[in-house]
1. Please work out the FRET efficiency for the pair Phe442 and Ser51, using the Cβ-Cβ distance as r and a Förster radius of 45 Å; give the result to the nearest 0.05.
2. Quick check: at a probe of 1.4 Å, how many percent of the accessible area of the chain sits on carbon and sulfur atoms?
3. So what is the relative contact order for the chain, in percent, with contacts set as C-alpha pairs under 8 Å and at least six apart?
4. Considering just Cα atoms, how many Å³ per residue does the convex hull of segment 311-359 enclose?
5. So if I restrict to the alpha-carbon atoms in segment 338-411, what is the Rg, and what is Dmax, the biggest pairwise distance, in Å?
6. Sort Val148, Val387 by accessible area with a 1.4 Å probe, largest first.
7. Quick check: with the 1.4 Å probe, what order do His453, His49, His289, His218 take by accessible area, largest first?
8. Classify segment 186-286 as rounded, prolate or oblate from the Cα gyration tensor: take a ≥ b ≥ c as the square roots of its eigenvalues, call it rounded if a/c is under 1.5, otherwise prolate when a/b beats b/c and oblate if not.
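The values are calculated or read from the model by the stated rules, or taken from the named source; none is laboratory data. In this text, all values refer to a predicted model and were calculated from it rather than measured experimentally. Please note: Cβ atoms are built from the backbone with ideal geometry, for glycine as well, and neighbour counts cover all protein chains shown. Each accessible area value is taken on the protein alone, full model and side chains, heavy atoms only, with ligands, DNA and RNA left out. Shrake-Rupley method; radii C 1.70, N 1.55, O 1.52, S 1.80 Å.
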Amino acid sequence: MLAAGLFALHHEVLLFSVVGLALGGLDDLTVDLLFMVRRCWRNFAVYAHHSRMTGATLPRSAHSGCIAVFIPAWREADVIGPMLRHALARWPDDDYRIFVGVYPNDPDTIDIVASIAAGEPRIIVGINPRPGPTTKADCLNILWRVMVDMEERTGHPFKAVVLHDAEDVVHADEIRLYDFMIDRFALVQLPVLPLPGRGDWLARAISNHYGDEFAENHGKALTVREALGASIPSAGVACAFERSMIGRLYDPVHGGPFDPSSLTEDYEAGLRIANLGGRGVFVRMRDSHGALIATHEYFPHSIDAAVKQKARWMVGISLAGWDRLGWHGGPAEWWMRIRDRRATMAALVLLAAYLSLILWAMTAIVGLLFPLSPPPLPPLIQTLLWVNLCLLLWRTGMRALFVGHAYGWRHGMMAIPRTVIANYIAILAARRAVTLYVRSLFGRPLQWDKTQHYFPDLKTDP
């Protein structure tokens with residue numbers, strides 16, 4: 001009886017996992033094929049006749065304006081100082097203002113920001129009247145009100161609002177690029193490239209798996225999304241909102257355009273702008289040295305920190321996104337929102353796949369110890385196993401290709417075994433996300449579940 005139950009359990013878990021993996025794999029394959037078609041078309045129809053624009057050839061905007069940069073900072077004393085000094089050095093002009101949001105119960109961060117802001121008109125400090133942590137959206141709304149007050153005093157509105165985090169390594173050309181692109185688009189998103197990890201092999205692997213995911217998402221998926229006419233979600237950093245458009249999201253209840261009850265206010269802002277008819281663009285442009293105009297930063301290098309961060313993303317996008325944002329637009333938009341919200345289900349499918357391997361090993365052991373053999377697999381499962389094997393080989397090859405293009409071939413090859421670590425983190429993050437989301441439904445408010453940040457030593461780090 002126990003053996004029969006084990007065989008039946010293995011069959012059901014295997015069926016669920018192979019169907020889920022096949023659906024996810026075919027979804028990713030479709031995106032890959034669309035990317036290839038778009039890439040070929042642009043190479044032959046556009047770049048065969050026109051040179052690619054670079055930071056060196058980027059013209060000045062015909063309607064230049066001042067850019068507001070929002071940086072929320074809760075317990076960021078370790079990174080906010082070097083980040084601000086680096087930004088000021090990289091952006092020597094006077095065509096921007098950096099608004100830094102701090103909390104009254106975080107004196108270390110306040111002292112560092114205040115020391116840099118003293119005598120520096122390009123840095124404006126906004127102190128949240130509420131003690132931290134609240135949510136990142138709440139801190140951004142404080143900066144919004146400080147910016148509006150400044151506009152009213154000076155009589156000069158800002159042209160765009162840019163979001164950055166306290167650990168970001170900014171690019172010298174991005175302010176000029178935002179100034180040019182925001183003339184035509186309501187949202188401009190630049191690539192985010194995680195810095196290669198530091199520490200022992202496990203810490204590097206955990207940190208580098210972010211680079212694997214961003215290399216594909218910001219090297220392929222967002223370009224396909226834009227080509228299909230679907231909304232461009234904000235990544236929360238390296239993104240600019242046109243001033244009047246982000247102003248249309250203003251809610252007097254929240255005191256700003258961002259919803260304090262959301263853990264992914266940046267993502268939601270991008271989709272809400274699309275709902276209002278605003279057009280977003282994802283820009284991959286090289287600078288005069290051939291490097292990508294992008295934001296770099298370190299990502300978590302421990303399991304606990306990575307799980308906390310990804311759980312926050314899952315709560316905001318995969319779980320709360322269903323009821324907060326609903327379904328808008330046409331088929332392309334629905335497809336992209338399904339892709340955004342599949343993370344929790346994908347983690348469940350991955351868990352079932354690994355469980356099916358364990359159950360398969362247990363059935364094999366039973367067969368060795370007792371005169372029993374599992375029933376043959378149905379033709380459907382056998383077919384799906386072969387399909388999934390082909391999709392797996394394709395998927396690992398594509399990941400290695402994109403990671404190799406972004407970081408070099410060694411990183412590309414190591415992205416293949418790092419997939420196991422990425423899956424493990426995704427499964428743990430999904431469990432945490434579901435727990436947090438269920439608690440929020442019963443009245444426990446979501447808070448800024450932040451992780452420890454690091455800023456590179458730009459003299460020695462890549």
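1. Efficiency, rounded to the nearest 0.05: 0.20.
2. 64
3. Relative contact order of the chain: 22 percent.
4. Values: hull volume 3.5 nm³, N = 49.
Residue-normalised Cα hull volume stands at 72 Å³.
5. Final numbers for Rg and Dmax: 17.4, 53 Å.
6. Putting Val148, Val387 in descending order of accessible area: Val387, Val148.
7. Order by accessible area, largest first: His289, His49, His453, His218.
8. In terms of gyration-tensor shape, oblate.
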